[in-house]
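Engineer: Before I ask anything, here is the structure I am working with.
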Amino acid sequence: MNINRNKPTRVLYHYGTSRFVQSLVQMLKHLFLQHRRTSSAYFYKFQFFTFRLFSQSPYLPNSASSLLSLSSSSSSSLAEAILKCRSAEEAFRLFETSSISRLSKTTDLQSFSAVIHVLTGAHKYTLARCLIKSLIERLRRYSEPTNISHRLFNALEDIQSPKFSIGVFSLLIMEFLEMGLFEDALWVSREMRCSPDSKACLAILNGLVRRRRFDSVWVDYQLMISRGLVPDVHIYSVLFQCCFKQGFPSKKEKLLDEMTSLGVKPNVYIYTIYIRDLCRENKMEEAEKMFELMKIHGVVPNLYTYSAMIDGYCKTGNLRQAYGLYKEILVAELLPNVVVFGTLVDGFCKARELVAARSLFVHMVKFGVDPNLYVYNCLIHGQCKSGNMLEAMGLLSEMESLNLSPDVFTYTILINGLCTEERLAEANRLFQRMKNERIFPSSVTYNSLIHGFCKEYNIEKALDLCSEMTSSGVEPNIITFSTLIDGYCKVRNIKAAMGLYFEMTIKGIVPDVVTYTTLIDAHFKEANMKEALRLYSDMLEAGIHPNDHTFACLVDGFWKEGRLSDAIDFYLENNQAATGKSIVQRSCWKYVGFTCLIEGLCQNGYILRASRFFSDMKSGGVTPDIWSYVSMLKAHLREKRITDTMMLHCDMIKTGILPNLMVNQLLAMFYQENGYLRSACFLTNSSRLGTIFKNTCNSIFLITVFHCKMYGICISSIYKTMVQNNIEEPTL
């Protein structure tokens, strides 16, 4: 009898396997609950092992079948079950305990989206963001990186339920930003049907500003507004920051009006940005009004607000107001920082108020603020400008004792100061020390030394420095060429100067007004008017506007060539063109033009025309200087015009200009020749004996009183001039 031995074995195997699997299911359930709080890496491995075990077993009992059937059931049914839960806790519990969320290798977007919507609707934002972060991390492991934002956004938007919460997209944006995925966050914000919440909008706009994508800031802001965003003060702060960085001051006014219409009160940050921009544009009156307005509205200025105002006052030279704000900082119990002190020190140094600057330096130590390199550079620059090179070098030693190493600016300031004082040997030694310390000179450093050597007519050394400059990788600039051209013109080597002029144009360096003026003046001095006028024409064709020194060279050149009519016509023509300039520019041009013309007319014997221009000069609000008076006095003396000379002498004193030694000698000679011996004696004695300036002025005063009585001029104006010049009233 054939007995099928395999059948009972298979039955036994089936029975044993079934019992084994049932026991294993129970054990896995127990382990599942026990290890829920274990590390995520171990737990995911455990889930994957369980899923593989069940899926590969050919015989499963009912309990195992039910677990696997739950694992392989459609994700939509679980999502529906989650959305039907009565509470967020129940939904999350169902999501956690479901086999799909734990055992599936791939990510179930529908279930995740459903539970995230439910949690967001229940204001459990932290838990919702944790799930979003977990979902993003899974997708980054199993999906294309460029596809993450699209998949997540579509999955979240596909949820059709009353529990759909629009806030999930704001949470998604914030999570993308936190994980450094800015472009994904930006894409989501632009794809939303309505605006994200203010926090997400703020983060997006701030991210665009930080990335300097200013045009996108305004586009996205308008998009957010059109989708229902109600901007708050924080969003306006970011927009003001964008205006500041983008350099659009006009937009700030519109934003401020918009804030007012919406009833949004500016905070200290917005006021500070607004004030800082006004100060940078030198609109200090408007800045002051805004500063007072913020106080009226109860917004307390912070240290940055005070710092912006102090910087504005220092740049406009209003040091009294700047120091007043510094005192206000102390009253407000704010601690001034190194920026505030540095700004004040720089302002006082530029105004050559070195004692006040040094006093502020002491205040820094008092408040425990360590002076930095910038503060020392400001102090050194101030001392160099005042010619106190000993003090400047002392500050260099002081900063080095504090372990502050000088930088390229420190050395450049000192080298420039030494060159100005014509101490080229010391400047050169400092230059060599700078290079030995591996501090690379800048173009300003080289230009300072080149200028110093050109002033001493040492063109060869200047050219050597220029060659060293090029070999060091520092390209000569317009200042380098202009300085060398001026040096060649000083030694009357016009050919070499023009060679440098052509070389710089070949190199693509556009000559400036200084270059052209130097060459025009040099050609006039060489009596080469044709070339001078050609250069002037080239200058105008290049779109370079002449300055006052250029006009002075041209007027001076015309009359020295005997072309006085051309000089006068040129002056009148350009005086007409100067009407479009500022008051300062117009007055400066009038002063330069009148002075040159008066000197030219006087030297060529046109005393009446010179007197007419002199009168026009005074009626035009331009005060003649002593050299204009000297020119006029010389002309009157040559023509033996006694009355005009005396009147001019009185007018000179009345204007507040005290005659110098040369004027005294001329007048003494004139008075002696014309019989005014007492007046001549006073002036001759003071000149011969070399008495001090006050005694000379006393003599002039006595003579002038006599002349004033003769011509009926008020003597009180003479007293006023003496008081202004600190001259004591003489004893008769």
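Engineer: Would you call residue 71 in contact with a helix residue (DSSP H, G or I) (Cβ under 7 Å, 6 or more places away or on another chain), at pLDDT below 80, part of a helix (DSSP H, G or I) and farther than 17 Å from residue 165 by Cβ?
Structural biologist: Yes, satisfied.
Engineer: What do you reckon, is residue 509 buried (at least 16 other Cβ atoms within 10 Å of the Cβ) and modelled with pLDDT of 85 or more?
Structural biologist: For residue 509, the condition - buried (at least 16 other Cβ atoms within 10 Å of the Cβ) and modelled with pLDDT of 85 or more - is met.
Engineer: Within segment 407-439, restricting attention to residues that are more than 22 Å from residue 347 (Cβ to Cβ) and not in a helix (DSSP H, G or I), which residue is nearest to the chain's Cα centre (by Cα)?
Structural biologist: 439
Engineer: If you go through segment 512-528 one residue at a time, how many are outside any helix (DSSP H, G or I) and modelled with pLDDT of 90 or more?
Structural biologist: Going through segment 512-528 one residue at a time, the tally reaches 1.
Engineer: Here is a further query. In this structure, does residue 132 turn out to be touching a His at 6+ places or on another chain (Cβ under 6 Å) and either part of a helix (DSSP H, G or I) or over 22 Å from residue 232 (Cβ atoms) (or both)?
Structural biologist: In short, no.
Engineer: Quick test for you: out of 275, 296, pick the one residue that is of a type in the set (Val, Ile, Thr) and touching a helix residue (DSSP H, G or I) at 6+ places or on another chain (Cβ under 7 Å).
Structural biologist: 275
Engineer: With the requirement that a residue be free of Cβ contacts under 8 Å to residues at least 24 places away in the same chain and surrounded by 15 or more Cβ atoms within 10 Å (Cβ to Cβ), what does segment 260-285 give you?
Structural biologist: Once the filter is applied, which keeps residues that are free of Cβ contacts under 8 Å to residues at least 24 places away in the same chain and surrounded by 15 or more Cβ atoms within 10 Å (Cβ to Cβ), segment 260-285 yields only 283.
Engineer: A follow-up question, please. Would you say residue 176 is touching a residue at least 40 places away in the same chain (Cβ under 8 Å), assigned to a helix (DSSP H, G or I), crowded, with 16+ Cβ neighbours inside 10 Å and among the aromatic types (Phe, Trp, Tyr)?
Structural biologist: Judged against the criteria, residue 176 is a match.
Engineer: Which members of segment 458-487 meet the condition of being in a loop (DSSP other than H, G, I, E, B) and of a type in the set (Val, Ile, Thr)?
Structural biologist: Within segment 458-487, just 474 meets the criteria.
Engineer: Something else now. Can you work out which of the residues in segment 488-506 that are assigned to a loop (DSSP other than H, G, I, E, B) and not aliphatic (A, V, I, L, M) is modelled with the lowest pLDDT?
Structural biologist: The qualifying residue modelled with the lowest pLDDT is 492.
Engineer: Further, regarding this structure: Against the condition within 23 Å of residue 442 (Cα to Cα), of a type outside the set (Gly, Ala, Ser) and not in a helix (DSSP H, G or I), how does residue 404 come out, does it pass?
Structural biologist: yes
Engineer: Same structure, new question: When you go through (1) within 28 Å of residue 354 (Cβ to Cβ); (2) modelled with pLDDT under 95 one by one for residue 414, which number turns out not to apply?
Structural biologist: Condition (2) is where residue 414 drops out.
Engineer: Residue 509 is checked against (1) in a helix (DSSP H, G or I); (2) farther than 30 Å from residue 567 by Cα and fails just one. What number does that condition carry?
Structural biologist: Condition (1) is where residue 509 drops out.
Engineer: Can you work out which of the residues in segment 325-370 that are among the basic types (Lys, Arg) and either within 21 Å of the chain's Cα centre (by Cα) or not in a loop (DSSP other than H, G, I, E, B) (or both) is nearest to residue 301 (Cα to Cα)?
Structural biologist: Looking at residues that are among the basic types (Lys, Arg) and either within 21 Å of the chain's Cα centre (by Cα) or not in a loop (DSSP other than H, G, I, E, B) (or both), I get 327.
The values are calculated or read from the model by the stated rules, or taken from the named source; none is laboratory data. What you are looking at is a predicted structure, and each value in this text was computed from that prediction instead of being measured. Glycine also receives a Cβ, built like all others from the backbone with ideal geometry; neighbour counts cover every protein chain displayed.
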